[in-house]
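*Asks:* Handing you a structure now.
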Amino acid sequence: MKDFLIQVEKITGVSDPDRACGVFTKRVSVEGGGMGTVVAGVLVRSENEVDLQVITQDIFDLLIKRLEGGSEGMLGVLEAAKASSIDYAKSKNIDLSFVYTFIFNDVCYIAKFGEDVKLLVFEPPKSLEITFESGSGPIKQGQIYLIATKKFLSVFDTGDLKQDAEIDFGDITDGIATEIAGEKEQSEIGAAFVHVKGGAIEEEKHIEEDKGVEESDVVLEREKEVAIVENAVETEPEEERLIAVPPQEKEPGRNPMAAVFGAVFAEFAKLRHGDNGALGRLRRNVVVLAVLVFLILAASVLFTLKQKSDREKVATITGYLNSASSKLDEGAALIELNKSRAREVLVDADRDVKQALNVDPKNEKAISLASEITSKLKETEISSNVSFETVKEVSTQLVGLAISGKNLVGIGDGKIFIESVSGGDSSDVDGVSGAQRGVVFDNKAFVGTSSKVVRVDLSSEQSKDIIESGGANDLGVFLGNVYLLFAEKIDKYVPVEGGSYSGPTEYLNSPVNFGAKSRFAIDGSIWVTSGKQIFKFTRGEKEDFEISGLVEGVGEFGLIYTNSSLDNLYVVDATNSALLVISKDGIYKGVYQAPEFAKASGVVVGEAEDEMFVAVGNKILSAKLK
């Protein structure tokens, strides 16, 4: 871990009634301890009569509240803040674009939305625009993060930020302020310069020193090479050293270089005295000398490279183990105070020790440390047996379950059942014969059969065949688009005029083999279960997603549930009759066990994440989440 000083300089133009830009920064205490720096750029537009400056402040306040109250990992918190900001903007009917950055410890966490606020990173002389919508990466001394609107970038030359020379950001912002003062339209001009300063803390300085090669290090390496060559000459067996020298010219116990040089000089002497054979022998000995020198130098270089590689390998493993050991101590100390935070720290320790084992699988210290971390992870695992209560018993087998407003909607073969969560009236409407899968969006049920998808309006009870494709593993609807999951693909259908749908188009950018029991959930990204893993896709591109902290073996994942308002994924392991809770940044948080999970055909979780509902056979069941 490194200790950094963060310098932030901000600049914004004067807002208009229909456009405003806000640039914010604040030091924030996060749950579980520690301070981080949040820097945000927000641009809003609206034709309504609202105070847009207040709106930008409200959006930033939403971010701060999420950060101060979040306990599920910084990236997950930023993604939750992003979803809250988007929902808030929709409720106010305004156009929104923003970049959120949160610098915590030695990592910068990023979430962005829209195309009108950009994030550029400068590491002189290199620069890069961040285009992904959420992610994280290590910060480095000397880096410059520029959060800026497109309008700002049109009047500011970023070339100065690519220079190695020291930059006075105060002078830059003063100059820009003077320049934009004459602009007629300032409302979309805003930027924050974030300059990373500082250095490594003492415990890791030796690692950084091994990785860097200064001029003095080069001299040292050269001195070592000389010593290695000399040592090799003195200790190599004679038969190997003089392999190219004729037997009659070997002298036991002599240095091979001395022997060859002696032979060469002897032939020069014979050549001067008129020895006719001396020229041929001289040529032969010169070749032998050249080959011998080449072999010795090559061996020296290889030996030096191996030494350097071994040092780097040891430094890398030591770094991972020091980090894992430190986090293990921190996690163990937190178990009694804050089990959830302790688990996060221990999961990080588990990742570090696995990195060390990837470098050296037989490292005894890493193996021992991994065992200790696993033991502590078991102490923090939330495991609970669940007792269900029956919410509703219906007349047919259920194939799907959804939440629509304050109602539960159970989808069965030929019938759709509507039950109030708060205990109000219940009703049912005609469904679809041969139903295999079902979801609800905008008070409409989408039901899949072996040959088609039918849309049923829950208010008017009118049905319409919308897609002539069936037999999908799963069916999902997001923002009106219909998605069908098959064993090797995801088809996407888009609504068009008249209530019809165009398609299909292939959602995945590259084919992926799933499985017959694969299911999916959509929250903007698409999460697909497949065997013992979960795939994450955003805009059709597969993202890295790995489950950390899962110390026991799992069976086969099936049903999965989440939405844009939830912080977690809820995944059914039918083999073990269990429901696993996994954060969206991959941390396994706990498990609920009940025999009903092995037979579940649908699972949903309330917005507060304190209650779950499961469809089993012809019943809708409920249970509390701890």
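*Asks:* Which of the following residues is in contact with a Lys or Arg (Cβ under 7 Å, 6 or more places away or on another chain), in the same structural domain as D442 (by TED's automatic domain parsing) and at pLDDT 95 or above: Y493, Y483?
*Replies:* Within the list Y493, Y483, the selection yields Y483.
*Asks:* Here's a follow-up. Which condition from (1) over 30 Å from F537 (Cβ atoms); (2) in a strand (DSSP E or B) is the one that D58 breaks?
*Replies:* (2)
*Asks:* What single numbered condition from (1) of a type in the set (A, V, I, L, M); (2) under 23 Å from G448 (Cβ atoms); (3) out of contact with any strand residue (DSSP E or B) (no Cβ under 6 Å at 6 or more places or on another chain) fails to hold for A608?
*Replies:* (2)
*Asks:* OK, next. Looking at V456, V494, which is the one that is of a type in the set (A, V, I, L, M), in contact (Cβ under 8 Å) with a residue 12 or more places away in the chain, buried (at least 20 other Cβ atoms within 10 Å of the Cβ) and part of a strand (DSSP E or B)?
*Replies:* Checking each option against the conditions leaves just V456.
*Asks:* Consider V440 carefully, then state whether it is over 19 Å from I560 (Cα atoms) and at pLDDT 95 or above.
*Replies:* No.
*Asks:* Residues that are within 41 Å of the chain's Cα centre (by Cα) and surrounded by 22 or more Cβ atoms within 10 Å (Cβ to Cβ): list the strands (runs of 3 or more DSSP E) wholly contained in region 395-436 that include at least 1 such residues.
*Replies:* Where strands (runs of 3 or more DSSP E) fall fully within region 395-436 and carry at least 1 residues being within 41 Å of the chain's Cα centre (by Cα) and surrounded by 22 or more Cβ atoms within 10 Å (Cβ to Cβ), they are 398-404, 407-412, 415-420.
*Asks:* Next question. Look through region 361-394, keep the residues that are in a loop (DSSP other than H, G, I, E, B) and buried (at least 16 other Cβ atoms within 10 Å of the Cβ), and return whichever of them is modelled with the lowest pLDDT.
*Replies:* Result: E381.
*Asks:* From the list R311, R341, R351, which residue is touching a Ser or Thr at 6+ places or on another chain (Cβ under 8 Å) and modelled with pLDDT under 80?
*Replies:* The conditions single out R341.
*Asks:* A follow-up question, please. Only one of these is modelled with pLDDT under 95, under 18 Å from F520 (Cα atoms) and under 24 Å from the mean Cα position of the chain (by Cα): V581, V591. Name it.
*Replies:* Answer to the selection: V581.
Let's see how each residue does on (1) part of a loop (DSSP other than H, G, I, E, B); (2) modelled with pLDDT under 90:
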{"position": "K464", "(1), (2)": "no, no"}
{"position": "E488", "(1), (2)": "yes, no"}
{"position": "P504", "(1), (2)": "no, no"}
{"position": "S518", "(1), (2)": "yes, no"}
{"position": "T529", "(1), (2)": "no, no"}
{"position": "I534", "(1), (2)": "no, no"}
{"position": "F545", "(1), (2)": "yes, no"}
{"position": "G553", "(1), (2)": "yes, yes"}
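*Asks:* Please work out if K327 is surrounded by 16 or more Cβ atoms within 10 Å (Cβ to Cβ) and either in contact (Cβ under 8 Å) with a residue 12 or more places away in the chain or under 25 Å from L75 (Cβ atoms) (or both).
*Replies:* The answer is yes for K327.
*Asks:* Right, here's the next one. I'd like to check something: does region 153-160 contain any residue that is aliphatic (A, V, I, L, M) and under 26 Å from the mean Cα position of the chain (by Cα)?
*Replies:* No - not one qualifying residue is present in region 153-160.
*Asks:* Considering only residues that are in a loop (DSSP other than H, G, I, E, B) and β-branched (V, I, T), look in region 99-131 and name the one that is farthest from D87 (Cα to Cα).
*Replies:* Only one residue fits best here, namely I130.
*Asks:* Which one is surrounded by the fewest Cβ atoms within 10 Å (Cβ to Cβ), of the residues in region 11-23 that are assigned to a strand (DSSP E or B) and touching a Gly at 6+ places or on another chain (Cβ under 8 Å)?
*Replies:* Top of the filtered list is I11.
*Asks:* Only residues that are under 20 Å from S326 (Cα atoms) and either aliphatic (A, V, I, L, M) or more than 31 Å from the chain's Cα centre (by Cα) (or both): list them for region 351-394, please.
*Replies:* Passing the criteria: V353, A356, L357, V359, A366, I367, L369, A370, I373, L377.
Residues are listed down the side, and each one gets a yes or a no for (1) of a type in the set (F, W, Y); (2) farther than 23 Å from D523 by Cα; (3) surrounded by fewer than 16 Cβ atoms within 10 Å (Cβ to Cβ):
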{"residue": "A89", "(1), (2), (3)": "no, no, no"}
{"residue": "L96", "(1), (2), (3)": "no, no, no"}
{"residue": "C108", "(1), (2), (3)": "no, yes, no"}
{"residue": "E115", "(1), (2), (3)": "no, no, yes"}
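*Asks:* How about region 497-529: which of its residues are of a type in the set (A, V, I, L, M) and touching a residue at least 40 places away in the same chain (Cβ under 8 Å)?
*Replies:* A516, A521, I522, I526, V528
*Asks:* Return only the number of the condition from (1) crowded, with 21+ Cβ neighbours inside 10 Å; (2) outside any strand (DSSP E or B) that I147 does not satisfy.
*Replies:* Every condition holds for I147 apart from (2).
*Asks:* Would you mind stating whether A20 is free of Cβ contacts under 8 Å to residues at least 40 places away in the same chain, in the same structural domain as L120 (by TED's automatic domain parsing) and not hydroxyl-bearing (S, T, Y)?
*Replies:* No, not satisfied.
*Asks:* Right, another one. For region 357-401, how many residues meet the condition of being of a type outside the set (K, R) and in contact with a Gly (Cβ under 7 Å, 6 or more places away or on another chain)?
*Replies:* Qualifying residue count for the region: 11.
The values are calculated or read from the model by the stated rules, or taken from the named source; none is laboratory data. Nothing here was measured: the structure is a model prediction, and the numbers come from that model. Glycine gets a Cβ as well: all are built from the backbone with ideal geometry, and neighbour counts include every protein chain shown.
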